[in-house]
1. Scan the stretch 357-404 for residues that are among the basic types (Lys, Arg) and in contact with a strand residue (DSSP E or B) (Cβ under 7 Å, 6 or more places away or on another chain) and jot them down.
2. So, Arg137, is that one modelled with pLDDT of 95 or more and touching a Gly at 6+ places or on another chain (Cβ under 6 Å) or not?
3. Which pairs turn up if I take residues in the stretch 388-402 that are free of Cβ contacts under 8 Å to residues at least 60 places away in the same chain and at positive phi and look for partners that are aromatic (Phe, Trp, Tyr) and assigned to a strand (DSSP E or B) with beta carbon separation below 6 Å, at least 6 apart in sequence or on another chain?
4. Is it the case that Ala209 is touching a Phe, Trp or Tyr at 6+ places or on another chain (Cβ under 8 Å), aliphatic (A, V, I, L, M) and over 24 Å from Ser139 (Cβ atoms)?
5. Report yes if Arg182 is in contact (Cβ under 8 Å) with a residue 60 or more places away in the chain and among the basic types (Lys, Arg), otherwise no.
6. Please go through the stretch 88-111 and pick out each residue that is free of Cβ contacts under 8 Å to residues at least 24 places away in the same chain and either of a type outside the set (Gly, Ala, Ser) or over 20 Å from Leu362 (Cα atoms) (or both).
7. If you take the residues of the stretch 374-404 that are among the small types (Gly, Ala, Ser) and under 24 Å from Phe473 (Cα atoms), which of them is least open to solvent (accessible area, probe 1.4 Å)?
8. What number of residues in the stretch 121-137 are open to solvent by 40 Å² or more (accessible area, probe 1.4 Å) and within 13 Å of the chain's Cα centre (by Cα)?
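The values are calculated or read from the model by the stated rules, or taken from the named source; none is laboratory data. Quick caveat: nothing in here was measured; it's all calculated off a predicted structure. Because the Cβ atoms are built from the backbone with ideal geometry, glycine has one as well, and the counts that use them run over all protein chains shown. Accessible surface areas use protein heavy atoms only, side chains included; no ligands, DNA or RNA. Shrake-Rupley method; radii C 1.70, N 1.55, O 1.52, S 1.80 Å.
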Amino acid sequence: MSGITAYGAYIPRTRLQKSAIADANDWFDAGLRGLAKGERSVCNWDEDTITMAAEAGQDCFSLLGRDSVDALYLASTTMPFLDRQNSVVVSQALNLGDKLRTMDVTASQRAATSALISLFESGSSEGNSVLLASEHRRSKCGSRGEMLWGDGAAAVAVGADNVIAEYLGSETYVTDFVDHYRGEDSTIDYEWEERWIRDEGFMKSVPTAVSRLLDKAGVQASEVAHFILATDQARTPAAVGKKIGVSAEAVIDNHIADMGVAGAAHPVLLLTKVLESAAPGDLILLTGFGQGADAILLRATELVTSRRPATGFSGALARRREDSNYNKFLSFNNLVDRDVGKRGELDKQSYLAAMYRQKDLLTGFVGGKCRDCGTIQIPKDNYCVNPECNALHSQDDYPMAALKGHVKTWTADRLTFDWNPPAYFGLVEFEGGGRLMMDFTEVQPGAIETGVEVSLHFRIRQFDHQRGFRKYFWKATPAHQ
């Protein structure tokens, strides 16, 4: 039996109040007030598609052994790199080794569902294949998308052991229906009229794919317990569900009011939500829309109630921090040309050879553990740092990204440039051993003190704007704030 064996989710902590967007823009478009209820998830300045995918992957691996993974797909329409395999960066941040198949899947809002079908159809009886879906979309100021979209990521693993949702089949309907597009020289989507997209797009493409799938599977629409259709059109899922024949109770809420729609990642995010609440035997109908439609049918197994990730969708949604600073949102998304001062103008050239030699530390956060005395240290070095040992070449790789740490020293610096001042940094000591000077991120005033527990997160450390590169490293965040 093949199906989903594990899952995870990540939603950025910051939630921008939609009323703040309307307050800043309703002088031009009073209609924004009608969309101003609730909040949307917002990436911090040091988050992007890659870092969110790594977070969702970490959550998924709370259920799954990393050594069982033989393939990793990353689906998104907002990849940070156009000619560098983004999925490889994520795989190394997750310490998945160098013997797996990686692939980026992009250029469509159904990138994630199409990738999931590919994994289902090509999966082997051994090992697991992991799909990461992540999206960080930019939109014009005062636009409908700015009000209704959000940032987020999800992960699902496909395999044959410990299946929590059995794969029953899939169908795809293909047509070049252009509801929106983004050309090679653009960074923001151009969208067509909403009613046209609903009537000619969703209402025709999705029922076509679904009817083919249900006929093939020998399933009645009324038997479907959970129907997922990701869209920022609030009423469309219910309308499509009615046309298909699923019950109104089966239609899954898109969470437009409390996080926004996360583009290509949203169908998989909603799937992780359903897996948290599904009962054994429930039929799950997952769809993806974009130049046609994908339809995937799953059946929850007895394990669906016992195999739960550490955070999951509900945990990620509940972990929130309200924000009403619209100007900060514009700055973090490069929608305004901000004066960053002389310190922010320093050249951040990326030394690719040095980065490659240190990739285990920089991307995987791998330290060393001495085979002779057991001392843990980071960075890994030729000599053991234990003065009573000092053994040469005695250290084995020791991944440390999942370890808890505690603040030994810290400072908040407003002279050092930071995109969200002040810049917090200090010395972190890890459980079991090892110390490292690190940046802190997403620190609430008063939340950091000596002894405070911290967790580690893969983030952007610097932007090299001159050469179009971004450098990643791990940062520490107070665990309880």
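1. Filtering the stretch 357-404 down to residues among the basic types (Lys, Arg) leaves 357, 359, 369, 371, 380, 404.
Within the stretch 357-404, Lys369, Arg371, Lys380, Lys404 meet the criteria.
2. Working: modelled with pLDDT of 95 or more: yes; touching a Gly at 6+ places or on another chain (Cβ under 6 Å): yes.
Here the answer is yes, as Arg137 does meet what is asked.
3. Close Cβ pairs (under 6 Å, with a partner that is aromatic (Phe, Trp, Tyr) and assigned to a strand (DSSP E or B)) amount to Asn390/Tyr383.
4. Details: touching a Phe, Trp or Tyr at 6+ places or on another chain (Cβ under 8 Å): yes; aliphatic (A, V, I, L, M): yes; over 24 Å from Ser139 (Cβ atoms): yes.
In short, yes.
5. Numbers: in contact (Cβ under 8 Å) with a residue 60 or more places away in the chain: yes; among the basic types (Lys, Arg): yes.
Yes; evaluated as a whole, the condition is true for this residue.
6. Across the stretch 88-111, the qualifying residues are Val88, Asp98.
7. To start, the set of residues in the stretch 374-404 that are among the small types (Gly, Ala, Ser) comprises 374, 391, 394, 401-402.
Filter once more, so that each one left must be under 24 Å from Phe473 (Cα atoms): 401-402.
Details: Ala401: 13, Ala402: 89 Å².
Residue satisfying both the conditions and the ranking: Ala401.
8. Adding up the residues that qualify gives 0.
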